[in-house]
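Notes follow the structure.
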Amino acid sequence: MVSADACSAVKIINLKVPSTYLLDQTSKTPDPLILDCEYEVDESEKGFVLKWLLDGQPVYQWIPSKNPFPFQSFKNRVDTSYVVSQEHLHKHRAMAIIKPLANFTGEYMCIVQTYASIDRKSAKLKIIVRESKFDLSYYLNGDGYITVDCHARDISPLPELKIRINYELFETENLKSVQGENGLYNVSISGRIRKDQLESPAMIECLLSIPETNYNKRRSTTYYESHLKTTTTTVATTTTVEMLQAAPENLQKKDPDSPPASTGATGAGNETTTGIGHSIGRFENITVKIVLVVLIFAMVAAELRSRNRPISVVESGPAPVN
């Protein structure tokens with residue numbers, strides 16, 4: 001049985017796994033994610049194998065006498081031609097991940113072993129997908145309160161959002177989050193403050209961060225009372241109500257100089273007559289075309305019959321005269 005405590009024929013001396021990797025979805029050729037495992041091994045050792053695992057599942061294996069082999073979950077995601085060293089037992093020890101996915105976050109473990117000994121080390125990595133949108137806004141509600149809203153879209157892992165006003169944390173509702181089928185999150189927070197409690201001007205900030213990483217973003221704006229606007233929803237609702245209230249009056253207004261309107265029956269009759277006349281005209285045109293086609297076909301058929309008719313028939317005597 002191979003023991004990790006056996007006298008060292010192989011030993012990991014340095015594991016290079018970054019704590020975070022920023023995935024830029026807009027780049028067609030992003031930098032590969034390199035995971036390296038530096039070790040010492042005696043050249044006389046037999047049966048050397050290197051493996052990379054993600055959360056306990058094998059994703060990469062290299063035996064010096066063979067080509068590197070990425071397992072199914074990492075197939076087509078590893079550059080198997082990547083070489084980190086020209087030494088025989090170190091050539092393909094590093095795993096170069098091409099275009100990593102958001103779900104490649106987790107604990108990576110390097111295992112090196114021979115017939116005589118084994119060693120392993122692990123480190124955690126978080127794949128960060130940069131948000132596609134990060135916005136901060138404020139607006140005046142009809143009840144005299146100002147709403148401050150902050151939201152971010154298409155980000156991973158799940159971030160935290162905080163709002164500050166004049167560098168002091170602002171009380172907000174709990175973070176709202178929705179995870180899409182692509183594994184990315186849409187998140188938002190909002191808070192309300194009475195208009196008479198907010199002095200103008202005021203600095204408003206939204207802070208975005210991903211726990212256990214150094215990924216931090218900030219959005220800021222300055223509040224001016226003179227720039228306040230009501231919510232879009234309120235405006236749209238008011239406009240709709242005004243249109244509905246004005247509609248009956250507009251329908252009842254008449255031009256005094258205009259002739260009296262036709263009755264419903266007469267109007268309907270005019271529309272019906274026009275429709276029938278138009279339909280009859282179209283029908284007549286189609287009928288004429290059909291007759292012409294039939295006549296042409298009959299003429300062609302008669303011509304063909306006359307060419308194929310026997311001579312005796314053609315030279316038959318004249319018909320008797322009555």
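Data overview
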read-out	value
Share of alpha-carbon pairs per 5 Å distance bin for the range 43-94, given as whole %	4, 21, 30, 24, 14, 6, 1
Rg/Rh (Cα only; Kirkwood hydrodynamic radius) as it applies to the range 133-227	1.00
Full-extension gain in nm, residue 80 to residue 123, via 0.36 nm per residue minus C-alpha separation	13.3 nm
Relative contact order, percent, the range 133-227 [alpha-carbon distance under 8 Å, six or more residues apart]	30
Separation in nanometres of the label points that stand 7 Å from Cα toward Cβ, at residue 141 and residue 40	6.7
Proximal lysines relative to residue 162, as straight alpha-carbon distance under 28 Å, when same-chain residues fewer than 8 apart are discounted	124, 126, 133, 176, 195, 217, 229
Projected area, mean over directions - the range 11-129, Cα convex hull, nm²	7.1
Percent RCO, i.e. relative contact order, over the range 11-129, from Cα pairs under 8 Å lying at least 6 residues apart	35
Cut-off under 5 Å, modelled amide H: who pairs with residue 105 long-range	127
Derived scalar couplings ³J(HN,Hα) [the range 35-47; Karplus, 6.51 cos²θ - 1.76 cosθ + 1.60; whole Hz; x for Gly, Pro]	10, 10, 10, 8, 8, 10, 8, 6, 4, 7, 5, 10, x
Spin-label zone in the range 113-134 - amide nitrogen under 19 Å from a point set 7 Å from the Cα of residue 177 along the C-beta vector	125-134
Difference of contour (0.36 nm per residue) and Cα-Cα distance, residue 290 to residue 72	71.7 nm
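Read-outs: derived from the displayed coordinates by stated rules, not from any lab. All of these numbers come straight from a predicted model, not from anything done at the bench. Every residue, glycine as well, gets a Cβ built from its backbone with ideal geometry; the counts of neighbours run over all protein chains shown.
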